[in-house]
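Worksheet for the structure shown next.
Computed from the coordinates by the stated procedures, all read-outs in this text should not be read as laboratory data. Keep in mind the model is a prediction, meaning the values are calculated, not measured. We place every Cβ from the backbone using ideal geometry, glycine too, and count neighbours over all the protein chains shown.
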Amino acid sequence: MFSRLLILAATFALAPFAAQAQQSQRPSTCLAIAQRLPDVVYASFSPAAASDEVEITYAGHSTYVIVTPAGIRIATDFNGYFGSDPVPDVVTMNKAHSTHYTPYPDPAIKHVLPGWGVDGEPAQHSVVVEDVYIRNVPTDIRRFGYTEKNGNSIFIFEVAGLCIGHLGHLHHPLDDTHYAAIGRLDILMVPIDGGLTLSLEHMSEITRRLQSSIVLPMHRHSTPLNAFTGRLKDGFDIDFRNSPSMTVSVRSLPRRPTVVILQGV
């Protein structure tokens with residue numbers, strides 16, 4: 001009951017932010033051409049941004065902080081704690097649990113993007129902030145005995161020629177229409193708890209199908225890392241880092257799909 005009250009509070013508190021978000025008709029460079037599902041064709045890289053580096057830091061739980069070449073700071077599944085200092089320019093949130101959103105974001109945050117809409121409608125974000133284009137793909141939330149339609153969003157950040165996707169608190173397998181709406185993902189942020197979100201079997205299946213160059217696990221809890229990486233078998237390299245941060249550009253993407261384990265995950 002308490003968590004449901006928090007969700008209701010978040011819905012009312014964040015509704016104005018959904019209306020205020022700057023919408024853009026900027027075309028995506030990552031979207032799939034969906035006429036021939038599942039044999040989709042993806043847009044090519046933008047060569048003008050190929051030399052720009054993006055910084056990605058694991059802040060905790062499901063929060064990664066993305067810093068663009070223009071200095072725009074983005075915190076994913078922002079709960080008001082992880083990734084809050086310095087104050088981000090953009091935050092995305094999901095509401096499956098209170099650890100993935102805050103109903104009272106810092107007023108200094110210029111762009112607050114909830115992953116759910118009002119009155120059950122899907123969130124629809126198409127936002128340009130300096131050098132990053134942010135959009136979302138709605139998914140559902142599994143509740144006790146029922147499904148809440150459009151309660152979660154996969155957020156996609158297009159910056160410096162890279163397509164970066166955060167699966168949020170994903171509760172169900174993706175179908176062809178989801179994959180088409182997502183498009184190409186060079187970097188995939190994937191929850192691997194195996195219980196509160198989607199099962200490890202299904203999560204590894206999504207990871208294999210997206211074939212992202214870099215896979216960044218999150219939302220691990222006590223799940224052994226090899227419970228996830230072992231399901232990817234020989235198709236992915238594993239790269240453990242001794243830092244919570246990494247920099248990446250189009251030109252530095254690994255040739256083989258690689259699961260990168262940042263410090264703290």
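Each residue of region 201-215 in order: what ³J(HN,Hα) in whole Hz does its phi give by Karplus 6.51 cos²θ - 1.76 cosθ + 1.60, θ = phi - 60°, with x for Gly and Pro?
4, 6, 5, 5, 5, 4, 4, 5, 5, 6, 6, 5, 5, 10, 10
Please give the contour-minus-distance gain from Ala227 to Thr247: 0.36 nm per residue of separation, less the Cα-Cα distance, rounded to one decimal in nm.
Additional length available on full extension: 4.6 nm.
Give a residue-ordered list of calculated ³J(HN,Hα) values for region 103-120 (Karplus: 6.51 cos²θ - 1.76 cosθ + 1.60, θ = phi - 60°; whole Hz; x for Gly, Pro).
Per residue, the Karplus-derived 3J(HN,Hα) values read x, 10, x, 3, x, 6, 6, 6, 10, 10, 10, x, x, 10, x, 9, 6, x Hz.
Using θ = phi - 60° and the Karplus curve 6.51 cos²θ - 1.76 cosθ + 1.60, what whole-Hz ³J(HN,Hα) does each residue of region 236-245 get, with Gly and Pro shown as x?
Once rounded to whole Hz, the list reads 10, 7, 10, 10, 8, 10, 9, 9, x, 10.
Work out the FRET efficiency for Arg209 and Lys110 from their Cβ-Cβ distance, taking R0 = 35 Å, and round it to the nearest 0.05.
Details: r = 35 Å, r/R0 = 0.99.
According to the calculation, E is roughly 0.50.
Counting only residues 5 or more places away or on other chains, whose amide H sits under 5 Å from the amide H of Cys163 once H atoms are built in the peptide plane?
Hits under the 5 Å cutoff: Asp186, Ile187.
In terms of modelled amide H atoms, which long-range or inter-chain residues lie less than 5 Å from the amide H of Val215?
Sorted by chain and number, the residues that satisfy this are Leu188, Thr258, Val259, Val260.
For region 122-265, taking Cα atoms only, what is the radius of gyration to one decimal and the Dmax to the nearest whole Å?
15.0, 47
Neighbouring Cβ atoms within 10 Å as the yardstick, rank Ser84, Ser222 fewest first. Show your work: numbers first, answer last.
Details: Ser84 19, Ser222 6.
Neighbour counts put them in this order, fewest first: Ser222, Ser84.
Summing +1 for each Lys or Arg and -1 for each Asp or Glu, what net charge is found among the other residues whose Cβ lies under 14 Å from the Cβ of Glu53? Walk me through the intermediate numbers first.
Numbers: positive: Arg251; negative: Asp52, Glu55, Asp131, Asp186.
It works out to a net charge of -3.
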